[in-house]
Amino acid sequence: MLAIIGASGKLGGATLDALLEYNLLPKDQIVCCTSSEPGSDTWSSLEKKGVQVRHASFDDKSSLEIALSGCDKFFLVSTPNIDMDYNDAPLGSGREKHHFTAIDAAQSANVQHIYYSSLAFQNPSKSRVMQAHIRTEAYLAKLPINYTIMREGLYNESWPLYASYHDLKDDQRSEVPIAGDSPISWTAISDLGLASALVIVAPSSEYAHKTFYLSRTEGPRTINQILDKVSAVRSKKVSTKTVTRQELESYYVKDKKLSEPAAKWWAATYDALRDEECLINDLTLEKLLATKGKKPKPVEETIEEMLRA
């Protein structure tokens, strides 16, 4: 039986949808763990899919142990609470705190294999976004349990974030400040969901103790190239302007109304981009999708869909 935490989110939801759409697991063999309460919209939407729904919170190890009872596989989708990482959170205080709790609970519940959704930056990384993932990867590697680390590609759908919080409805900027650029292996959430699902349902031995990337390798695009597509769709030229990281942090605080800790946490991402950390050469995703007759979705298609929505 498989447990998923984060099944109401983007990646977890796409993975659950793929499991059901392709009949990769019987519905009664899927447990969705949520911090929502019975009767809530989130709980009801999961129940309607025909899967088991159990309450579990990253802040309550015992709730996780109960929710994971009887499950031999566990898909641990990383927690979205990025504010835990701010101010250079010391080891065990960032988002990895939630991950460690879930991993410990899984061991207590006799889960046999943990699948972890990491991120497609390098390890080590200059990005602060990757720090909690690196700490979680290291934690898993020391434990006497089967684990698989999937470094999920940067979402096609996340391009506005990397384009300095581009406003899909009404962005009037002709220049978008960034502190670094390089080709990025953008990957659609739906493709990541299917690839992750296929890894999880494979025999445990096939991916045990392996770390790999799930990213579309064909046609990587820089942020400036992303904005070329935006310009074409909107018939209005917009391009990038390279600034220093400190200038970008100030811009985020002044113009985008981010807190200073949030601005510093995110701006470091561009140090990693300058080093081409997100240019991935791993064909695992393409090979997995090909088994279902699918090819990865180009980021240009996603951009057009999002702007025309």
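Among the candidates A7, A89, which residue alone is assigned to a loop (DSSP other than H, G, I, E, B), touching a strand residue (DSSP E or B) at 6+ places or on another chain (Cβ under 7 Å) and modelled with pLDDT of 95 or more? Result: A7 is the single residue among A7, A89 that is assigned to a loop (DSSP other than H, G, I, E, B), touching a strand residue (DSSP E or B) at 6+ places or on another chain (Cβ under 7 Å) and modelled with pLDDT of 95 or more.
Within the range 208-252, the set of residues being over 20 Å from the mean Cα position of the chain (by Cα) and polar (S, T, N, Q) comprises N224, Q225, S231, S235, S239, T240, T242, T244, Q246, S250. Looking only at residues in the range 17-40 that are in contact with a Leu (Cβ under 8 Å, 6 or more places away or on another chain) and either in a helix (DSSP H, G or I) or of a type in the set (D, E, K, R) (or both), which one is farthest from Y115 (Cα to Cα)? Step by step, filter the range 17-40, then rank; the result is K27.
A quick yes/no check of all residues on (1) at pLDDT 95 or above; (2) within 21 Å of Y155 (Cα to Cα); (3) of a type outside the set (D, E):
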residue: S204; (1), (2), (3): yes, no, yes
residue: S231; (1), (2), (3): yes, yes, yes
residue: Q246; (1), (2), (3): yes, no, yes
residue: K256; (1), (2), (3): yes, no, yes
residue: D275; (1), (2), (3): yes, yes, no
residue: L279; (1), (2), (3): yes, yes, yes
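Residue-by-condition table, conditions (1) among the acidic types (D, E); (2) in contact with a helix residue (DSSP H, G or I) (Cβ under 6 Å, 6 or more places away or on another chain); (3) modelled with pLDDT under 95; (4) at negative phi:
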position: A67; (1), (2), (3), (4): no, no, no, yes
position: D72; (1), (2), (3), (4): yes, no, no, yes
position: Q107; (1), (2), (3), (4): no, no, no, yes
position: H113; (1), (2), (3), (4): no, yes, no, yes
position: S118; (1), (2), (3), (4): no, yes, no, yes
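Every residue in the range 237-258 that is surrounded by fewer than 14 Cβ atoms within 10 Å (Cβ to Cβ) and without any contact (Cβ under 8 Å) to a residue 60 or more places away in the chain, please. Within the range 237-258, Q246, K254, D255, K257 qualify. Any residue in the range 220-227 that is surrounded by fewer than 16 Cβ atoms within 10 Å (Cβ to Cβ) and not in a strand (DSSP E or B)? No: the range 220-227 contains no residue that is surrounded by fewer than 16 Cβ atoms within 10 Å (Cβ to Cβ) and not in a strand (DSSP E or B).
Residues checked against (1) surrounded by 22 or more Cβ atoms within 10 Å (Cβ to Cβ); (2) more than 24 Å from S205 (Cα to Cα); (3) free of Cβ contacts under 8 Å to residues at least 24 places away in the same chain; (4) charged (D, E, K, R):
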{"site": "A3", "(1), (2), (3), (4)": "yes, no, no, no"}
{"site": "D41", "(1), (2), (3), (4)": "no, yes, yes, yes"}
{"site": "E47", "(1), (2), (3), (4)": "no, yes, yes, yes"}
{"site": "Q52", "(1), (2), (3), (4)": "no, yes, no, no"}
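Taken over the range 41-52, the criterion of being farther than 11 Å from L2 by Cβ and either within 22 Å of the chain's Cα centre (by Cα) or in a loop (DSSP other than H, G, I, E, B) (or both) is satisfied by T42, W43, S45, L46, K48, K49, G50. So which residues in the range 271-291 are in contact (Cβ under 8 Å) with a residue 12 or more places away in the chain, in a helix (DSSP H, G or I) and out of contact with any strand residue (DSSP E or B) (no Cβ under 6 Å at 6 or more places or on another chain)? Passing the criteria: D271, A272, L273, R274, E286, L288, L289.
The values are calculated or read from the model by the stated rules, or taken from the named source; none is laboratory data. Note that this is a predicted model, so its numbers are computed, not measured. Don't worry about glycine lacking a Cβ; one is built from the backbone with ideal geometry, like all the others, and counts go over all protein chains shown.
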